[in-house]
1. Give me a count of the residues in the range 76-106 that are part of a strand (DSSP E or B), free of Cβ contacts under 8 Å to residues at least 60 places away in the same chain and among the hydroxyl-bearing types (Ser, Thr, Tyr).
2. Take the residues in the range 106-143 that are of a type in the set (Val, Ile, Thr) and open to solvent by less than 10 Å² (accessible area, probe 1.4 Å); name whichever of them is nearest to Ala479 (Cα to Cα).
3. Only one of (1) more than 19 Å from the chain's Cα centre (by Cα); (2) farther than 27 Å from Ser112 by Cα fails for Trp179. Which number is that?
4. Which pairs do you get when a residue that is of a type in the set (Phe, Trp, Tyr), found in the range 321-338, comes within reach of a residue that is assigned to a strand (DSSP E or B), reach meaning Cβ atoms under 8 angstrom, with the pair 6+ apart or on two chains?
5. Asp326: open to solvent by 20 Å² or more (accessible area, probe 1.4 Å), among the charged types (D, E, K, R) and assigned to a loop (DSSP other than H, G, I, E, B), yes or no?
6. Being in contact with a strand residue (DSSP E or B) (Cβ under 7 Å, 6 or more places away or on another chain) and over 18 Å from Cys373 (Cα atoms) is the filter here; which residues of the range 287-306 pass it?
7. Inside the range 448-462, can you point out the residues that are part of a loop (DSSP other than H, G, I, E, B) and of a type outside the set (Ser, Thr, Tyr)?
8. Which pairs have Cβ atoms under 8 Å, sit 6 or more apart or on different chains, and link a residue in the range 216-243 that is within 15 Å of Thr165 (Cα to Cα) to one that is open to solvent by 50 Å² or more (accessible area, probe 1.4 Å) and of a type in the set (A, V, I, L, M, F, W, C)?
Amino acid sequence: MHTSRRNFVRGSAALISGALLARRGWAAAVASPIRMVNGAPTNGLDFLLRTGATGRKYQPETLPGGLGVIDFDGDGWPDLYCVNGAAMPQLEKTDKRYWNRLYRNNRDGTFSDVTGKAGVAGRGYGMGVAVGDYNNDGHEDLFVVGVHGNQLFRNNGDGTFSDVTEAAGLNLPAVQGLWSIAAAWIDYDGDGKLDLFISNYCEWAPGIDPICGGMTAETRRYCPPDKYAAEPMQLFHNNGDGTFTEVTGKGPLAEVLGKGMGIAVADFAGDGRPGIFVANDKARNLLFRNTGHGFEETGLDAGVAYNGDGRSISGMGADFGDIDGDGRFDLVMTALKNEAFDVFLNGGHGEFEDGSIPTRLMSLTHPHSGWGCGLVDLDNDGWLDLFVAGGGVDTDDAMTNRIFRNASGKFTDVSNESGVGLAPARMHRGCVFADFDRDGRLDVAVTSLDGPIELWWNRSPVQHWLQLRLTGTRSNRSAIGAQVTCKTANRTQIRCVTNSVGYASSSDLTLHFGLGIERRGTIEIHWPSGIVQRIGEVTANQRLEVKEPT
């Protein structure tokens, strides 16, 4: 396989030509039904991601930018939470410019900043966020991760939040000394309560940060990850009384170190239990298979630890989704330019095959760097497209976002035709997906380093769709881990309720199915509790609120 990948890149004149065209910014002459229009900042989203960069090139400056979709006020419309940096090297939010921001969806295409009232400005140098109802009270909560400090904000249900980090047992010295990039809520033991998994990155402190490149400001560069020691992943068990207990050291997790970035969660083994993939930066990727009582790390045996050449690449964001329509959750991971993004096609029973060539993403992505990403159906044709937040590591490597349209398991770059490839190049980082205007088309919000937020309204031609918002009873209230199958006359699609998508970000928990020309479909829900709920035929173009049967 290693040789075939190299020969594919080096020997295929057509693909090399395509890569050269992409480097020059020329798009392939293909028609695309996907149309996106940036609505920020005139819609009230005035967030500016601030890195606090001083020219010293401190390593955390290039990694923030997580976003979270949260319906914090329970009105059924997705709101948006933006994680921000801090002053360097203090790692402190010295003024309001560095606040994290919460924007309420006004349900008319505009947003209002409610950060102050909500009490979620945060502290320290933020990276990412995970959204979920950890205490099953019907209100979505926020867990914010960052450099040497994380925060749990409990939603009070009245438009405000309370910082309960210490009361929840998440303010331990061992936790606060780590550099966390991303987190995911997951009920790994099936007890109906959301546990917490954290992806940690590198051992770092301002006073010991090495200088790379040259000694002058003009020649100095951000150091590669091999200059830093790896850190452990962490797992916290939800005790059901508002507190958590770290259980990392009670299983195989205690033996695993990584330089963890994005987290993806799905039942990739098809055994009814959600597992976890962690994209690692220049280190082997991690795949945690759920045993029902904990996790075992199976990345090497499963075929996802390294790329098809057997190398570690700069893993950034990741997402699970059925790319080829075979009813199994495949995996995509973004990387930096000249590496190509990875695609791992699920062969069943928790094993994967290199899919970068058959899906065409190897040649399409070789010239690009990607961070946040998501497998989402942007044109409602029933196939999961790939949106990628584009941007390099340093300020001289700005890029546009990319959209790769999926047609029967084969991707085509439609970035320019969709509109996102013609926007200003920036250092994009996190991205999230939600139907913010509830018109049946998925929209995208994207951050960029020291740049404005973008909200890409989806203005693709109208096709049929279905959306499901699930509420657990025996299962966790957020229904995280539930798997849904939608069958129409010609297609069967699967989705999994997950809060962790892409890079350091948390997308909408509402499930979205594009139906194309189909006007109806049947729904089957496999709840985390084991309950299987079958819903009869439903008509297209509606949002279903489904409660787990008791």
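1. Applying the first criterion (part of a strand (DSSP E or B)) to the range 76-106 yields 79-82, 87, 92, 101-105.
From the residues that got through so far, the ones that are free of Cβ contacts under 8 Å to residues at least 60 places away in the same chain too are 79, 87, 92, 101-104.
This time we only want the ones that are among the hydroxyl-bearing types (Ser, Thr, Tyr), so: 103.
Total meeting the criteria: 1.
2. That would be Val131.
3. Result: Trp179 fails condition (1) only.
4. From residues that are of a type in the set (Phe, Trp, Tyr), the pairs are Phe329/Ala266; Phe329/Phe320; Phe329/Gly321; Phe329/Asn346; Phe329/Ile494; Phe329/Cys496.
5. yes
6. If the condition is that a residue be in contact with a strand residue (DSSP E or B) (Cβ under 7 Å, 6 or more places away or on another chain) and over 18 Å from Cys373 (Cα atoms), then Leu287, Phe288, Arg289, Asn290, Phe295, Glu296, Glu297, Thr298, Gly299, Ala302, Gly303 are the ones that fit.
7. Passing the criteria: Leu449, Asp450, Gly451, Ile453, Arg459, Pro461, Val462.
8. Going by the 8 Å Cβ cut-off, the qualifying pairs are Gly242/Ala167; Thr243/Ala167.
The values are calculated or read from the model by the stated rules, or taken from the named source; none is laboratory data. Treat the numbers as computed from the prediction; the structure is a model and nothing was measured. Positions of Cβ are backbone-derived with ideal geometry, glycine not excepted, and every protein chain shown enters the neighbour counts. Heads up: the accessible areas ignore ligands, DNA and RNA and are worked out on the full protein's heavy atoms, side chains in. Shrake-Rupley method; radii C 1.70, N 1.55, O 1.52, S 1.80 Å.
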